[in-house]
Amino acid sequence: MITTTQPRPPAGPGPRIGLLGSYGGFNLGDEAILTCVLGCLRAHRPQARLVVFSRNAEHTRAHQPAADEVVDWEGVPQKQILDVLSGLDLLVLGGGGILYDGEARRYLRLVGAAQARGVRTFAYAVGAGPLREAEDREAVRAVLPAMDEVVVRDEESRLVLEEAGLDRDLVVTADPALLLPPEPFTDQMMRQEGIPAETRLVGMSVREPGRAAEKLDESDYHALLADVADFLVRRLEAHVVFVPMERQDVHHAHGVLSRMTAPDRGRILHSVYSPGQVLGFMNHLDLAVGMRLHFVIFAALSGLPVLPLPYSGKVFDFSRRIGAPALVGVAREQAGLLLAEVDRLWDEFPQRRDDLDARVQALRGTARETCARCAVVLDSLEEQQTGAVSDTERPGLHLLRPGTGTAT
């Protein structure tokens with residue numbers, strides 16, 4: 001079940017702003033980011049024309065009503081995309097983890113094309129890494145220096161870009177999804193999912209091995225998480241609910257569930273929900289254990305005791321920033337350590353709660369900084385356009401050097 005957010009106001013003579021990222025319904029975290037970036041831009045420029053470049057335009061049109069226009073950018077003629085880029089005043093890249101091997105070159109090719117057409121560009125709390133392939137590293141060095149500003153969401157991304165040879169100032173803020181508002185996840189939804197009432201609930205997130213998790217052994221980590229789930233069933237007399245953040249997560253949730261000794265105490269969310277509804281679902285949980293970054297972010301936003309299972313730098317970084325237990329991975333041989341950690345987390349969370357709340361509020365403030373920096377670029381764009389009109393009306397004024405008051 002998916003509800004829509006508030007509809008957009010009528011677009012007026014404001015700037016035409018493009019948003020480019022991994023949008024189109026493939027990942028709840030990316031959709032949460034898009035919702036938040038659209039909200040930021042709409043708040044600062046209510047009359048702007050917001051154009052989303054989507055991997056599935058039909059999905060984005062249906063679920064992102066704040067967008068004025070949605071265009072497919074995969075599998076379509078290049079001229080069609082270049083024509084849209086040419087009509088923009090600003091192209092916003094990201095946020096989220098899009099600058100990694102095999103993908104960075106694709107996104108940055110469009111950013112470079114926009115720059116070649118005189119379009120201003122801004123990187124909105126992007127994530128980076130791994131970046132080992134020569135073509136992707138070259139794209140980073142060629143395109144990012146010409147952007148108005150490059151804002152990354154964590155220290156890991158900053159280090160990856162610097163190691164790839166990027167030589168420019170980088171700003172580190174936080175993931176845009178930290179500003180996502182929750183939506184109700186009703187008792188009726190809980191019943192439809194077969195989740196029992198009046199019992200403790202533990203949320204779990206699992207994912208597939210991939211570029212960001214290429215060292216994971218699928219069988220090992222399925223067995224490991226099954227051990228954790230069984231432990232929590234016994235320790236807390238709880239039910240475990242698996243929360244898919246991508247479509248393929250359902251397969252891996254079944255893999256863990258099939259290895260549990262108490263599979264009857266496990267459920268998998270099967271219906272399709274908006275990011276805000278998944279965030280609202282977190283309010284029904286008592287504890288969260290998970291691999292997906294945005295599952296961990298949603299748990300932290302909901303004030304839950306959360307045990308991240310780090311598989312990549314971005315999860316390590318966020319775990320550190322919220323003061324969560326610092327694990328070193330999800331290998332099978334760590335089962336004893338992991339069970340001890342989740343046991344301690346449950347016992348000590350009443351003393352940790354205030355610290356978590358303070359850290360999350362600080363991160364939300366840091367996430368707002370990205371929005372404020374983007375607003376500065378929009379202001380400068382407006383001043384540039386106003387100045388161009390003024391220069392046309394007053395011959396000779398365009399010969400002044402900016403900020404000097406003296407002629408060139």
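Descriptive notes on the structure:
- In Å², nearest 10: area of Ile195 left accessible to a 1.4 Å probe: 10
- Efficiency of FRET between Arg200 and His270 - r from beta-carbon atoms, R0 25 angstrom, step 0.05: 0.75
- Each part reduced to its alpha carbon centroid, segment 45-63 and segment 81-140 end up 18 Å apart.
- Between Glu218 and Thr186, the modelled label-to-label distance comes to 3.8 nm, taking each label 7 Å out from Cα in the direction of the beta carbon.
- Fully extending the segment from Glu74 to His251 would add 61.1 nm, taking 0.36 nm per residue of separation and subtracting the current Cα-Cα distance.
- Computed over the chain: relative contact order in percent, which uses C-alpha pairs under 8 Å that are six or more apart: 14
- Helical runs (DSSP H, four residues minimum) scored at -39500 (n - 2.57) apiece and divided by the length of the chain put the mean residue ellipticity at 222 nm at -14500 deg cm²/dmol.
- Each peptide in 354-364, 170-180 gets a packing score, the mean of other Cβ atoms within 10 Å over its residues, and the list from highest to lowest is 170-180, 354-364.
- Counting heavy atoms of the protein chains alone, Glu74 has an accessible area of about 60 Å² for a 1.4 Å probe.
- Cut-off under 5 Å, modelled amide H: who pairs with Phe242 long-range: Met204, Arg267, Ile268, Leu269
- Label of the coordinate-derived value, Rg/Rh (Cα atoms, Kirkwood Rh), listed as (1) 0.99; (2) 0.95; (3) 1.01: (3)
- Rounded to the nearest whole Hz, the Karplus-based 3J(HN,Hα) values (6.51 cos²θ - 1.76 cosθ + 1.60, θ = phi - 60°) of segment 136-153 follow the sequence 6, 5, 5, 4, 4, 5, 7, 9, 4, x, 8, 6, 4, 7, 10, 10, 10, 8, with x at glycine and proline.
- In nm, spacing of pseudo-spin labels at Glu237 and Ala340 (7 Å Cα→C-beta vector): 2.8
- Between Asp148 and Asp169, the modelled label-to-label distance comes to 1.5 nm, taking each label 7 Å out from Cα in the direction of the beta carbon.
- Segment 110-254 - percent relative contact order, Cα under 8 Å, separation 6 or more: 20
- Alpha carbon convex hull of segment 70-195, volume per residue in cubic angstrom: 163
- For the chain, cysteines whose Cβ has no other cysteine Cβ within reach (under 4.7 Å): Cys36, Cys374
- Mean-square fluctuations from a GNM of the chain, with a 10 angstrom spring cutoff on Cα atoms, peak among Ala164, Ala226, Ala372 at Ala372.
The values are calculated or read from the model by the stated rules, or taken from the named source; none is laboratory data. These numbers come from a predicted model, not from an experiment. Glycine also receives a Cβ, built like all others from the backbone with ideal geometry; neighbour counts cover every protein chain displayed. Each accessible area value is taken on the protein alone, full model and side chains, heavy atoms only, with ligands, DNA and RNA left out. Shrake-Rupley method; radii C 1.70, N 1.55, O 1.52, S 1.80 Å.
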